[in-house]
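Notes follow the structure.
None of the figures in this text is laboratory data; all of them are computed from the coordinates on show. Since the model is a prediction, treat every value here as computed from it, not as a measurement. Every residue, glycine among them, receives a Cβ derived from its backbone with ideal geometry; neighbour counts consider all protein chains shown.
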């Protein structure tokens, strides 16, 4: 089993519309762990890890759910170091 970690920043109308709650709700249907949080500049940051195919499916579900509310996505792979993430949480 190969685990990847990705950091994704979403821009657009992503704060105040249930993005974080929906990301957490959708995560329950996929074998992913991580967190999501608002940023001061109006974007939303997510760090998520899981098997590559599962991550892709989960991230596609988010894009499908929010459609044109997302105007910009910046995604980068990060090394998985230390303990793996557990669960999926909203950070404040």
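Sequence-distant contacts, meaning Cα pairs under 8 Å at least 6 residues apart, place the relative contact order of the range 36-92 at 48 percent. Once the Cα atoms are used to define both axes, helix 52-66 deviates from the longest principal axis of the chain by about 10 degrees.
For the peptides 1-7, 78-84, 33-39, the ranking by packing is 33-39, 1-7, 78-84, with the highest mean count of neighbouring Cβ atoms within 10 Å listed first.
The residue 2 and residue 39 beta-carbon pair, evaluated with R₀ = 30 Å, returns a calculated FRET efficiency of approximately 0.55.
For the range 4-91, the extents of the C-alpha atoms along the principal axes are 32, 25, 19 Å, listed from largest to smallest.
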